[in-house]
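First the structure, in the form of structure tokens, and then the observations on it.
The values are calculated or read from the model by the stated rules, or taken from the named source; none is laboratory data. The structure displayed is predicted, hence computed values, not measured ones. With ideal geometry, Cβ positions are generated from the backbone for all residues, glycine too; neighbour counts draw on all protein chains shown. SASA here: full protein model, heavy atoms, side chains in, ligands and nucleic acids out. Shrake-Rupley method; radii C 1.70, N 1.55, O 1.52, S 1.80 Å.
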Amino acid sequence: MARDPRYDILFEPVRIGPVTAKNRFYQVPHCNGMGYRDATSNAAMRHVKAEGGWGVVCTEQVEIHPSGDITPFIELRLWDGSDVPMLARISDAIHSQNALAGIQLAHNGMNAPNLTSREIPFGPGDLPVFSIFNDPVQARAMDKTDIRNLRRWHRNAALRGREAGYDIVYVYAGKLFGGAMFFLSRRYNQRNDEYGGSLENRARLLKELIEETRDAVGDTCAVACRISVDELLGPDGLHREEAHEVIAHLAEVPDLWDLTLSSWDNDSQTSRFADEAYQEPFVTGVKKLTTKPVVGVGRFTSPDTMVRQVRSGILDFVGAARPSIADPFLPKKVEEGRLEDIRECIGCNICVAGDHQTNPSRCTQNPSMGEEWRRGWHPERIRARTSDDTILVVGAGPAGLEATMMLARRGHEVTLAEGGDTLGGRVMRERHLPGLHAWARVSDYRIGQIATMPNVQIYRESRLDAEGVLGFGFNRVVVATGSTWRRDGVARAVLKPVPIAEGAEVLNPDDLISGMRPKARNVVIYDDDHYYMGGVLAELLVREGYGVTLATPAADASNWTHWTMEQHRIQARLLGLGVKIMPHRVLTDIGAGGVTLACTYTGTTVAVEGCTLLVTARLPTNELARALEARRDDWGAAGIASVAAIGDALAPGTVAAAVFGGRRYAEEFDVVRSPDEPLFKREVAGLTAEALPWS
Ligand code: ADP
Ligand code: SF4
């Protein structure tokens, strides 16, 4: 199909200093949890984005010196020349697909606890480092020698970046990562020398870094400045007016302005709290301050929004981190007029959690993220089938839909049987809960894809039992029947069912999702799940007029969402709505009119009135898988070669894990491999060739 001419503007080349991007699709720098540890995985991930049509593909932040070491996070390093080959592998991967390669140099300053290097961190003043674990580390105020050293290190890193093949070299002053941002900020910068005080003084270091980078590499490389346009702290923080003044002051100094909100949790807000293009009010007007191209983000997935931002003079480049993770082929799909094939980011920040937990980032929508090299997965392609096996997938949740779609792409005849009248499983059921609407994109995309595939048969309202499955005669059976929430309090803190009094009203999330509501006016939510469900149901019920107490053994509501950078927003919203949050409480028993909770430290108990909503563990819906297993002797006669449970039916987990399970089945069901073989490829650090005292 041809591209819609409305989108032509997105495919215009744009000049950035001495280089030219082939189009306006710009993958801004983003972390990925792979960094220097999984360098070839990292290169393969960037390669796929370049293949998918992004005109510019950038690295994550690249530490320029051990004194700005952001351990425990795993980003890239360019501390010295020995890191150049690793960085060159990434730029080669990007260039091989005709995209420009950008490198985001960073000295994290007060954001770097230096847990690896053990250097004393430094910044504008003597203050504790701003690190998410509140490390007991203080930074020292930089003197003039430190400033000179930093400038020289940055310049040398720029030269190494060019040597590694990069076309765009960043100076980073955003998101409270790039050290220069701490100098811009009045909160952190209370110096009274020429680097503090007036805006011009606070911007001096940034100006010097940009100028010196240009001086070093600007003849062949574009120099980009990534800057925060607001910290969302009002006048206390760097705010829009002030940031725009900085940009006006340095207007023509860099070759490109890359705009972010600060800190990262504001820049990458989840769909629960912000819609597409939410950064528009902060970036509008920047283009009037400079003639240089401007890139901004906003979880853009709609080409119409992208075109509007470009046409209305807000941005020159459509920046994307998460939408490029969810669909590395987004530009190609727009170019080829295949908008319905775009796999839209759902704004869940599971990718961010990966980086925070220092594992390779995974993506709910794109299960091949991080698996491009180590498992050889591709976001769009999968190898052709090696047999004529017909396949029955039971259950049309995220796991069943992904398995169906990918098996059908391999060329198999696939039948999908769903017990209910709608496809989509949990994401379709949960889409009506507060803030979870965008999660339905997981099923929307897959349902849209399989609807066009002639080799997929779909049966709704077909709840299957073992007898029914055996009667069909498919060669392979995939059981993707999901899970149910427990009703007995068992999860992490409580491992044996809690005593429940006769007549007590006890509900679980499945009840509320299916439309049931408590009879009592006060509800005690006991959350030992810690992900989104407890907080979401608290919001639902309090908005409907119930008195809601959320008790949890954790320190705060929806505790795991610290990793997705949402916890503070969730807690603020619940408190604002009048939810009473009781942390450090474990459920001991459920009475007819209320619950007893014990302090997790002292054991002191307290009684709270109300009915009980248990958000605890889930049980796999594995009756079908078990019943089929019990009838293994009948498989041969029925033509069945294998039965496998996937997704929540195997072990309840995240939607991302269910989608991954579906993909994995489609990739591996016909691979004969010993359980003792390696599961995937990995890189082992090269050992020093140095003679060691004991050798
Ligand atoms: P997952 O996240 O693992 O994909 P979900 O709970 O989202 O799991 O989806 C499971 C789907 O399986 C639900 O739509 C449910 O209706 C369906 N299902 C469960 N048991 C059966 C069955 N025996 N036959 C057909 N469909 C079933
Ligand atoms: Fe988007 Fe979620 Fe994928 Fe991140 S993990 S890119 S937020 S869909």
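Going by the alpha-carbon gyration tensor, a ≥ b ≥ c the square roots of its eigenvalues, is the stretch 502-629 rounded (a/c under 1.5) or, if a/c is not under 1.5, prolate (a/b greater than b/c) versus oblate? Working shown, then result.
On the way: a/c = 1.37, a/b = 1.21, b/c = 1.13.
In terms of gyration-tensor shape, rounded.
How much net charge surrounds Trp485 when only other residues with a Cβ under 14 Å from its Cβ are counted (Lys, Arg +1; Asp, Glu -1)?
Here the count lands on -3.
Assign unit charges at the C-beta atoms only (+1 for Lys and Arg, -1 for Asp and Glu), then state the dipole size of the chain relative to its Cα centre in Debye, rounded to the nearest 20. Working shown, then result.
Details: 78 positive and 90 negative charges, 72 e Å.
About 340 debye.
Work out the length of the dipole vector of the stretch 119-230 about its Cα centre, built from +1 on the beta-carbon of each Lys and Arg and -1 on the beta-carbon of each Asp and Glu, and round it to the nearest 20 debye. Don't skip to the end; give the middle numbers.
Working: 17 positive and 16 negative charges, 21 e Å.
Magnitude of the dipole: close to 100 debye.
Lysine pairs in the chain with Cα distance under 22 Å, only those 8 or more apart or on different chains: how many are there?
The result is 16.
What is the dipole size for the stretch 9-159, taken about its Cα centre, with +1 at each Lys and Arg Cβ and -1 at each Asp and Glu Cβ, in debye to the nearest 20?
Here the size comes out at about 440 debye.
Take Ser642, Ser312 and sort them by solvent-accessible surface of the protein heavy atoms, 1.4 Å probe, largest at the top.
Greatest to least solvent exposure: Ser312, Ser642.
Compute the long axis of helix 240-249 from its Cα atoms, compare it with the longest principal axis of the Cα atoms of the chain, and write down the angle in degrees, 0 to 90, nearest 10.
40
Classify the stretch 602-695 from the C-alpha gyration tensor, please: rounded if a/c falls under 1.5, else prolate or oblate depending on whether a/b exceeds b/c.
oblate
Just order 230-239, 105-114 by mean Cβ neighbour count inside 10 Å, highest at the front, would you?
105-114, 230-239
One quarter of the convex hull surface, Cα atoms only: what value does that give for the stretch 208-326 in nm²?
Mean projected area of the Cα convex hull: 8.0 nm².
First select every other residue whose beta carbon is under 12 angstrom from the beta carbon of Gly591; then total the charges, Lys and Arg +1, Asp and Glu -1.
That works out to -4.
Using R₀ = 56 Å, calculate the FRET efficiency as 1/(1 + (r/R₀)^6) where r is the Cβ-Cβ separation of Ala141 and Trp560; round to 0.05.
Calculated value: 0.90.
Output the peptides 132-143, 652-663 sorted from most to least packed, where packing is the average of other Cβ atoms within 10 Å over each peptide's residues.
So the order, starting with the most tightly packed, is 652-663, 132-143.
Tilt of helix 567-577 relative to the longest C-alpha principal axis of the chain, in degrees (0 to 90, nearest 10)?
70
Ranked by accessible surface with a 1.4 Å probe, highest first, in what order do Tyr278, Tyr445 come? List each step's numbers first, then the result.
Numbers: Tyr278 35, Tyr445 10 Å².
My answer, sorted largest first, is Tyr278, Tyr445.
To the nearest 0.05, how large is the calculated FRET efficiency for Thr422 and Arg186 if R₀ is 60 Å and r is the Cβ-Cβ distance?
Approximately 0.70, to the nearest 0.05.
So for the chain, taking the charge dipole from beta-carbon charges (+1 Lys/Arg, -1 Asp/Glu), which of Val307, Gln567, Gln357 sits furthest toward the positive end?
Farthest towards the positive end: Val307.
Rounded to the nearest whole Å³, what is the per residue volume of the convex hull around the Cα atoms of the stretch 558-653?
Hull volume normalised by residue count: 185 Å³.
With a 1.4 Å probe and all protein chains in place, put Leu650, Leu470, Leu679 in order of accessible area, largest first.
Leu650, Leu679, Leu470
So for each of 434-440, 335-341, 615-621, 156-162 I average, over its residues, the number of other beta carbons within 10 Å; can you give me the resulting order with the highest mean first?
Numbers: 434-440: 19.3, 335-341: 15.3, 615-621: 21.0, 156-162: 22.7.
Ranking, from highest mean packing down: 156-162, 615-621, 434-440, 335-341.
Taking 8 Å as the Cα distance limit and 6 or more residues as the minimum spacing, I'd like the relative contact order of the stretch 72-139 as a percentage.
Once normalised by length, the contact order is 20 percent.
FRET efficiency for Asn201 and Asn134, Cβ-Cβ distance as r, R0 = 25 Å, nearest 0.05?
0.25
Angle check, please: helix 441-451 long axis (alpha carbons) against the longest principal axis of the chain (alpha carbons), in degrees 0 to 90, nearest 10.
70
Out of every Cα pair in the chain, what percent are spaced more than 46 Å from each other?
Value for the chain (Cα pairs over 46 Å): 25 percent.
Just to confirm, what accessible area per residue do you get for the chain at 1.4 Å probe, in whole Å²?
Details: 26520 Å² over 695 residues.
Here the residues of the chain average 38 Å² of exposed surface.
Can you tell me what the convex hull of the Cα atoms of the stretch 97-243 projects to on average, as an area in nm²?
For the stretch 97-243, averaging the hull's shadow over all directions gives 9.8 nm².
Ignoring ligands, DNA and RNA, what percent of the 1.4 Å accessible area of the chain is carbon and sulfur?
52
Based on alpha-carbon centroids, what's the gap between the stretch 77-108 and the stretch 160-177 in Å, whole number please?
Here the answer is 9 Å between Cα centres.
How would you classify the stretch 366-457 from its alpha-carbon gyration tensor, with a ≥ b ≥ c the square roots of the eigenvalues: rounded for a/c under 1.5, else prolate if a/b is greater than b/c, otherwise oblate? Intermediate values should be presented prior to the final figure.
Details: a/c = 2.48, a/b = 1.30, b/c = 1.91.
Note, shape of the stretch 366-457 comes out oblate.
Would you be so kind as to identify which of Val393, Ala491, Pro5 lies farthest towards the positive end of the dipole of the chain, taking Lys and Arg as +1 and Asp and Glu as -1 on Cβ and the Cα centre as origin?
Pro5
Putting +1 on Lys and Arg Cβ atoms and -1 on Asp and Glu Cβ atoms, find which of Pro113, Gly102, Gln61 reaches farthest to the positive end of the dipole of the stretch 46-128.
Ranked along the dipole, the leading option is Gly102.
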